[in-house]
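The values are calculated or read from the model by the stated rules, or taken from the named source; none is laboratory data. Computed from a predicted model, the values in this text were never measured in an experiment. Neighbour counts run over all protein chains shown; Cβ positions are idealised from the backbone, glycine included.
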Amino acid sequence: MNSSFTFFIPTRLIFGAGRLKELVRTQYLPGMKALVVIGANGAMHRYGYLDIVISHLEAKGVDSVVYDRIQPNPLSRHVDEGAKVARDNGCDFVLGLGGGSTIDSAKSIAVMATNSGQYWEYIVGGSGGKKIPLHRALPIVAIPTTAGTGTEVDPWTVITNSDSHEKIGWGRDDTYPVLAIVDPELMLSVPPKTTAYTGMDAFFHAVEAYLSKVNQPASDLLALEAINLISHYLPRAVEDSHDLEARTKLAWASTAAGFCESLSSCISQHSLEHAISAFYPEVPHGAGLTMLSLAYFSFLAGHSPERFPAMARAMGEDVENLNDYSKATLFINALERLIAKVGLDTEKMSDYGIVPEDFENLAHNAFDTMGGLFRVTPVKMSEDDVIRIFKAAYE
Ligand SMILES: [Zn+2]
């Protein structure tokens, strides 16, 4: 555990089943005209969530304009387009409603609504222009409908430039949402496969933040809590979508893992996954991570097993009377069983069209676009190591 750290999370969190309706009486809405950002797949219309949110805003005298073009791996051109809609309509805050892609887009749109030029000019990493925004982003409200990214309580927004095949995370203090409403009832409609993908994403945020070189006491506690809850409740929610107790535990686990991403950091498994989905955008983020995970964490456990036993214990494994390496192996075995229990053990890279000839390019892309996460990974990795991990994950 690191004994030198900074603690900063400025997001007001309203958590609990049925609490979306508190939008109607919260005094914490940051403006009078919202740009409401939703995904292009129509789910927010279908489940009625968009109507509920807009009617709650109207009841408070808040006008809204809807921007509905966001893709599952959200694109920088939609950030620029959404920001223009916000500016043209005089919106004074941005509300992201939906999965992580929607809330991430809301964050990036909030930045570009007050700053000039194109979004990619501000990105740090890859071909990004590294410009510093001159103006504060519009305030952001986040209402997640999946339990996965934890983006509602962290500053990170992950956007893809489809022209250059780069998927890069970026964030600042003003991209923390000012208000997050996490209502597990909104997650009852998530289909089993998406539940599994998003739940595994949250699991890996917790695992990576626990292993990261910049871990701290609070992120350690929350990471082990999230690892414990997800390994016990994700199989239940995949089995029965309407299990509200499981949905509630997972919603908290995902948000707790989001706090971990704020207090500690993801590590290079996310760099490897971003490279995959930058070239193969149809790979769900959680699927990409899951396909990499056994090879990736076996590599780390082989070189630096010290932090693995606590995670194995959080997953319910009995780690007493074993040496460190065996304890680390217990975690890998428990992870393998979890992946099978949530039905993702049949996912293969080849199903998505990925071929071994890609690996050199993917490894290079991972370092080029998301190199920062390698610096907080507990084991120093070369491009050759990453190619070996891709190969092991492929087999
Ligand atoms: Zn993630």
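Conditions: (1) aliphatic (A, V, I, L, M); (2) over 21 Å from the mean Cα position of the chain (by Cα); (3) surrounded by 22 or more Cβ atoms within 10 Å (Cβ to Cβ). Residue 244 meets all but one. Number of the miss?
The one condition residue 244 does not meet is (3).
Does residue 254 fit the bill of being touching a helix residue (DSSP H, G or I) at 6+ places or on another chain (Cβ under 7 Å), in a helix (DSSP H, G or I) and of a type in the set (S, T, N, Q)?
Taking the combined requirement at face value, the residue satisfies it.
When you go through 267, 230 one by one, which is the residue that is part of a loop (DSSP other than H, G, I, E, B) and within 16 Å of the ligand (Cβ to nearest atom)?
Answer to the selection: 267.
Within the range 349-395, which residues are assigned to a loop (DSSP other than H, G, I, E, B), surrounded by fewer than 13 Cβ atoms within 10 Å (Cβ to Cβ) and at pLDDT 95 or above?
Matches in the range 349-395: 353, 355, 380, 382.
When you check residue 210 against the structure, is it surrounded by 20 or more Cβ atoms within 10 Å (Cβ to Cβ), away from the ligand (no atom under 13 Å from the Cβ), closer than 15 Å to residue 200 by Cβ and aromatic (Phe, Trp, Tyr), yes or no? Full working, then the answer.
Values: surrounded by 20 or more Cβ atoms within 10 Å (Cβ to Cβ): yes; away from the ligand (no atom under 13 Å from the Cβ): yes; closer than 15 Å to residue 200 by Cβ: no; aromatic (Phe, Trp, Tyr): yes.
No; evaluated as a whole, the condition is false for this residue.
Hey, residue 275 hits all of (1) within 13 Å of the ligand (Cβ to nearest atom); (2) assigned to a helix (DSSP H, G or I) but one; which does it fall short on?
Only one criterion in (1) within 13 Å of the ligand (Cβ to nearest atom); (2) assigned to a helix (DSSP H, G or I) is unmet by residue 275, namely (1).
Show the residue pairs that are 6+ apart or on different chains and have beta-carbon atoms under 6 Å apart, the first residue being within the range 68-89 and over 18 Å from residue 170 (Cα atoms), the second being crowded, with 18+ Cβ neighbours inside 10 Å and of a type in the set (Gly, Ala, Ser).
That search, which allows pairs on different chains as well, returns 86/113; 87/113.
Go through (1) touching a Gly at 6+ places or on another chain (Cβ under 6 Å); (2) within 30 Å of residue 242 (Cα to Cα) one by one and return the number of the condition residue 121 breaks.
If we test residue 121 against (1) touching a Gly at 6+ places or on another chain (Cβ under 6 Å); (2) within 30 Å of residue 242 (Cα to Cα), just (2) comes out false.
Of all residues in the range 352-395 being among the hydroxyl-bearing types (Ser, Thr, Tyr) and within 24 Å of the chain's Cα centre (by Cα), which is farthest from residue 128 (Cα to Cα)?
Among those that are among the hydroxyl-bearing types (Ser, Thr, Tyr) and within 24 Å of the chain's Cα centre (by Cα), it is 394.
It is to be established whether one or more residues within the range 71-87 are buried (at least 18 other Cβ atoms within 10 Å of the Cβ) and over 30 Å from residue 279 (Cα atoms).
no
Could you check, for the range 334-347, whether at least one of its residues is more than 23 Å from the chain's Cα centre (by Cα), over 14 Å from residue 207 (Cβ atoms) and at pLDDT 95 or above? Please lay out each step first, then the result.
As a first pass, look at the range 334-347 and keep what is more than 23 Å from the chain's Cα centre (by Cα): none.
Within the range 334-347, not a single residue is more than 23 Å from the chain's Cα centre (by Cα), over 14 Å from residue 207 (Cβ atoms) and at pLDDT 95 or above.
Yes or no, residue by residue, for (1) part of a loop (DSSP other than H, G, I, E, B); (2) under 20 Å from residue 98 (Cβ atoms); (3) among the polar types (S, T, N, Q):
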site: 164; (1), (2), (3): yes, no, yes
site: 169; (1), (2), (3): no, yes, no
site: 186; (1), (2), (3): no, yes, no
site: 193; (1), (2), (3): no, yes, no
site: 198; (1), (2), (3): no, yes, yes
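Hey, could you check the range 1-26 for residues that are part of a loop (DSSP other than H, G, I, E, B) and among the aromatic types (Phe, Trp, Tyr) and say which is farthest from residue 105 (Cα to Cα)?
5
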